[in-house]
Structure formats: structure tokens, C-alpha cells
Amino acid sequence: MHDIILITPDPERAKSMLNTSKTTLERLKSTDQLKFPSDTAKDYYDCIRELMTAIMLLDGKKAIGEYAHKRTIEYIAKNHSILTRHEADTIDRLRIIRNDIAYEGKTVGQDYIIRNQMLFNMALEKLSGEITQRITARST
């Protein structure tokens, strides 16, 4: 897999990213997600990406370059059994949607959030659980 480099595992940074993701998710859940569906999609993506990056940090890996976010999703799908193939594919589509929102000014409708919200939350729970378990195991 191209653009994945070896680094020293960094559990402290992974823990910090987990906390950042939790804070963003807490803010997201306190807003009317359907009133701002494009912002909601971006926030879900940012939280999920942070958690996948944290897992890579625990593995001593880092995605770099133009396609770093895509490589991160691919790495997690290939090297961990945390997410189903369907979840990984949906997250990759979310990546594309997030880029369209951020760089092209496109928007998503409420229906997109309604259709995918359960999957996003499940992925967040799985990824957070994996990080928490690995950090806890390291400190014992």
C-alpha cells in the first residue's frame, strides 16, 4: 500500500485524537443535525477519520500524501476487522462527499444523514472501542 510510512507508535497522540473526536461528537449531538446536514456530514467524517488515524498511530503507521485520507480508510479495512466492508465503503463515500462539501461548495440533504446516521454512529463506537481497549491494554 503506497503512502503508508512506519513511525514510532504514539499512544498519547492516539488518546488525544480519541478525546478530540469525542468532543466533536458531543457538540454534533447537541445540535440539530438535520437542520445542517452538510455540516453534520463533515463532522461525522472528521470524527471517523480522527479515530482511524489514531488506530494507525497505535500501529506505528501514518498515511501521507495527496490520498492520505483514502489510504487511511483502506489501511483500516485491510488490516483490522473493526469495520465491515460495507461500513468502510460507506465511509469512503462520506470522504468524497466531505471533499465535495469542503472544496466544491456542494451540499447534502437530510435524507443522506437519515440513511447513514446509524452506520456512522456504529463505526464511531467500534473505532472508539478499539482505541480504548488498546490504550487500556498498554497501560496494564
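For a 19 Å ceiling on Cα separation, which of these pairs sit above it: LYS15/LYS126; LYS35/LYS126; LYS35/LYS106? Working shown, then result.
Details: LYS15/LYS126 15 Å; LYS35/LYS126 27 Å; LYS35/LYS106 16 Å.
Going by Cα-Cα distance, LYS35/LYS126 fall outside the 19 Å limit.
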**Asked** Nearest 10 degrees, 0 to 90: what angle lies between the long axis of helix 11-29 and the longest principal axis of the chain (Cα atoms)?
**Response** 20 degrees
**Message:** Helix-only mean residue ellipticity at 222 nm, the chain, DSSP H runs n ≥ 4 weighted -39,500 (n - 2.57), per residue, nearest 500. What is it?
**Reply:** -25500 deg cm²/dmol
**Request:** Take every Cα pair under 8 Å in the chain that's 6+ residues apart, average their separations, divide by the length, and report that relative contact order as a whole percent.
**Result:** 34 percent
**Asked** Which GluC sites (Glu not before Pro) from the range 29-134 combine a DSSP loop assignment with at most 11 other Cβ atoms within 10 Å?
**Response** GLU66
**Message:** Suppose R0 equals 35 Å. What FRET efficiency, 1/(1 + (r/R0)^6) with r the Cβ-Cβ distance, do ILE135 and THR107 give to the nearest 0.05?
**Reply:** 0.45
**Fill in**
Between ARG13 and LYS35, the two model label points (7 Å from Cα along the beta-carbon direction) sit apart by a distance in nm of 3.7 nm
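In a shell of Cβ-Cβ distance under 12 Å around ARG71, excluding ARG71 itself, what net charge do Lys and Arg (+1) and Asp and Glu (-1) give?
Net charge around ARG71: +2.
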**Request:** State, to one decimal in nm², a quarter of the convex hull surface area for the C-alpha atoms of the range 1-90, i.e. the direction-averaged projected area.
**Result:** 6.2 nm²
**Request:** Order PHE36, PHE120, most accessible first, counting only protein heavy atoms with a 1.4 angstrom probe.
**Result:** PHE36, PHE120
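The values are calculated or read from the model by the stated rules, or taken from the named source; none is laboratory data. The model shown is predicted, which means the values in this text are computed figures rather than measured ones. Please note: Cβ atoms are built from the backbone with ideal geometry, for glycine as well, and neighbour counts cover all protein chains shown. For the accessible areas, the whole protein counts, side chains as well, though only heavy atoms, and no ligand, DNA or RNA atoms are used. Shrake-Rupley method; radii C 1.70, N 1.55, O 1.52, S 1.80 Å.
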